[in-house]
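Here's the structure we're looking at; comments come further down.
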Amino acid sequence: MVRTFLARGLLIGLLAGLIAGAFAFAFGEPRVDHAIALEEAAAQAEGPEHGHAETAETAGHSHGEEAAVGRPVQKAGLFLATGLYGLAVGGVFALVFAGLRGRVGPRSDGRLAVAAAPRSDGRLAVAAAGTAFAAIILVPFVKYPANPPAVGDPDTIDSRTLLYVVMILVGLAATAIAVATARRVDGDPWARWTAAAVAFLVPVVAAWWLLPAVDEVPEGFPATLLWEFRLASIGTQLVFWAVFGVLFGWASDRAERRAAAHPLVAAPS
């Protein structure tokens, strides 16, 4: 059964990655082109003032046709990157889903853990995908949103990456705390969901407040372009996780119905 889930996750992850890549190509790449044009225009404007040495250095960082990898190749590589991302995420998600299946849902004492009764693989898949998007993507993005080319100091990339990873870990830890809290709260489902939401938000908001801010947007950079790029960035992730969660849930429900209709030929779980 784990192999079935893994194959399903890989295939659906690849498809969702390609769909997300199409979204990024349509809505994100034009903003990247605009940001690169601004970066190259600024470099050319600074060239005469800072001498030929700096001009040569900035030319080496060109994103255009003269770069080692031209923009047409970069745009084609976008689909390769999102496809590989989908494969990796799909495989990990499938393994986690296989571990969660049968462990969340109706409890022996009559209370519910995460999913509603009766157990549904489809609902579990959608809930797990939504939780993953919130914990791994949305939580760090709110604190450290994506920036287009020409925004950000190359000397701080290591520290910025470390802060982003810390926020991902906070999101995962907050999710674990929320699930544990929901399992221990007596009462109606609204009480459990409220307690889970508070348990999730407390560590997340604390991390947002305590971790240092990163503001490296250069003066004069168009605010509209920055906003549109960030919307396209989070939109790409939202498209991926929405498509993946819905398709994985649909495929899981379909397999579950088929197994119920033919129990003698169903694979053991």
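Observations on the model:
- Any chance Thr156 is among the polar types (S, T, N, Q), under 30 Å from Phe229 (Cα atoms), assigned to a helix (DSSP H, G or I) and in contact with a Phe, Trp or Tyr (Cβ under 7 Å, 6 or more places away or on another chain): no
- Only listed residue being over 22 Å from Phe97 (Cβ atoms), touching a helix residue (DSSP H, G or I) at 6+ places or on another chain (Cβ under 7 Å) and either at pLDDT below 95 or not polar (S, T, N, Q) (or both), chosen from Ala267, Ala199, Ala251: Ala199
- Close Cβ contacts (under 6 Å, 6 or more residues apart or on different chains) running from residues in segment 119-138 that are charged (D, E, K, R) to residues that are assigned to a loop (DSSP other than H, G, I, E, B) comprise Arg119/Gly105; Arg123/Ala115.
- Residue pairs meeting the criteria (Cβ under 7 Å; at least 6 apart or on separate chains; first basic (Lys, Arg), in segment 1-28; second not in a helix (DSSP H, G or I)): none
- Condition met for Phe133 (under 21 Å from Arg101 (Cβ atoms) and hydrophobic (A, V, I, L, M, F, W, C)): yes
- Filter result (small (Gly, Ala, Ser), modelled with pLDDT under 95 and part of a helix (DSSP H, G or I)) within segment 217-239: Ala223
- The single condition from (1) farther than 28 Å from Tyr85 by Cα; (2) surrounded by fewer than 19 Cβ atoms within 10 Å (Cβ to Cβ); (3) modelled with pLDDT under 90 that Thr194 fails is (3).
- Selection status of Ala182, surrounded by 16 or more Cβ atoms within 10 Å (Cβ to Cβ) and either within 19 Å of Ala134 (Cβ to Cβ) or at pLDDT 95 or above (or both): yes
- In segment 42-148, counting only helices (runs of 4 or more DSSP H) that sit wholly within it, the ones holding 3 or more residues that are at pLDDT below 85 span 71-100.
- Verdict on Thr175 being touching a Gly at 6+ places or on another chain (Cβ under 7 Å) and in a helix (DSSP H, G or I): no
- Taking segment 214-230 as the range and being touching a residue at least 40 places away in the same chain (Cβ under 8 Å) and not aromatic (Phe, Trp, Tyr) as the test, the residues that pass are Val214, Glu216, Val217, Pro218, Pro222, Leu225, Leu226, Glu228, Arg230.
- From the options Ala207, Ala242, Ala173, residue that is at pLDDT 95 or above, crowded, with 19+ Cβ neighbours inside 10 Å and either out of contact with any strand residue (DSSP E or B) (no Cβ under 9 Å at 6 or more places or on another chain) or among the polar types (S, T, N, Q) (or both): Ala207
- Filtering segment 160-167 for residues that are surrounded by 12 or more Cβ atoms within 10 Å (Cβ to Cβ), in contact with a Pro (Cβ under 6 Å, 6 or more places away or on another chain), modelled with pLDDT of 95 or more and part of a helix (DSSP H, G or I) leaves a non-empty set.
- Matching residues in segment 212-233 - criterion: being under 23 Å from Phe23 (Cβ atoms), surrounded by 12 or more Cβ atoms within 10 Å (Cβ to Cβ) and among the aliphatic types (A, V, I, L, M): Leu225, Leu226, Leu231, Ala232
The values are calculated or read from the model by the stated rules, or taken from the named source; none is laboratory data. Please read all numbers here as calculations on a predicted model, not as lab measurements. Glycine gets a Cβ as well: all are built from the backbone with ideal geometry, and neighbour counts include every protein chain shown.
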